[in-house]
Each structure stands twice: as structure tokens, then as C-alpha cells.
Amino acid sequence: MYKDVINYKLAEWVTQEYLFKVAKEVYDTWMSTQQWFVSREIHTDEDGEYFDIVTRDSKASADTSNEDMANVPNADQRFACYEMTSINSKGITMQASFGM
């Protein structure tokens with residue numbers, strides 16, 4: 001499994017409720033239809049920053065799907081949720097798993 005961990009702050013006008021609404025639309029219209037898709041989680045830390053953790057079947061599919069993200073039907077709404085200068089992304093590969 002391969003995970004993209006995307007860290008960001010919300011744009012000033014965006015509520016968590018709105019973020020979740022847009023995230024669900026992305027899931028329903030695009031993400032859930034992709035062969036590589038395993039899961040998506042949205043987390044926050046104690047500073048109020050957000051972390052999207054998108055699990056994919058492989059790094060190769062992550063490289064390909066990242067190029068396709070511009071074709072997401074509501075990409076403009078998704079990008080409007082973020083304070084653009086705050087976005088950081090890192091890919092990680094699972095090496096071992098113990099329990100759930």
C-alpha cells in the first residue's frame with residue numbers, strides 16, 4: 001500500500017462542514033471510481049491543521065492519478081478550501097502493519 005499524506009490549513013472562509021461536503025463530492029464523483037483507490041481519511045492536529053491520508057494500491061498508481069486530479073469535476077471547489085501556501089505533501093509506503 002502507498003499513502004499520500006497532504007497537510008494544509010483551511011482557507012479563512014472555509015468551515016469544516018464545507019470541507020467535508022466538498023470532500024464527499026470528490027469521493028462520490030471521482031475518487032471512488034478510480035481503480036487505485038483504497039481509502040481517504042481527514043485528520044486534524046492540535047494546531048487545527050488538516051491532514052488528508054489517501055491510501056492507494058501502489059506508488060505507480062499515485063504518480064498517474066496525481067496527473068488526473070486536474071480532471072476532477074469540482075477541482076475548483078476543492079482547491080478553494082485550502083490556504084494554498086500551506087499545502088505540503090509526502091508519499092509514504094507501508095512496510096509493516098500490526099493490528100487495526
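Residues being loosely packed, with under 10 Cβ neighbours inside 10 Å and modelled with pLDDT under 85 are entirely absent from the range 77-87.
Restricting Q16, Q77, Q35, Q95 to residues that are out of contact with any strand residue (DSSP E or B) (no Cβ under 6 Å at 6 or more places or on another chain) and touching a residue at least 40 places away in the same chain (Cβ under 8 Å) narrows the list to Q77.
Could you go through the range 41-56 and let me know if any residue there is among the hydroxyl-bearing types (S, T, Y) and farther than 18 Å from M1 by Cβ. Yes; the residues of the range 41-56 include at least one that is among the hydroxyl-bearing types (S, T, Y) and farther than 18 Å from M1 by Cβ. Return a yes/no flag: does the range 47-54 have any residue that is surrounded by 15 or more Cβ atoms within 10 Å (Cβ to Cβ) and among the acidic types (D, E). Taking every residue of the range 47-54 in turn, at least one turns out to be surrounded by 15 or more Cβ atoms within 10 Å (Cβ to Cβ) and among the acidic types (D, E).
Being surrounded by fewer than 16 Cβ atoms within 10 Å (Cβ to Cβ), touching a Pro at 6+ places or on another chain (Cβ under 7 Å) and polar (S, T, N, Q) is a property that holds for T29.
The values are calculated or read from the model by the stated rules, or taken from the named source; none is laboratory data. Everything numeric in this text was worked out from a predicted model, so none of it was measured. For neighbour counting, all protein chains shown are included, and Cβ atoms are generated from backbone atoms with ideal geometry for every residue, glycine included.
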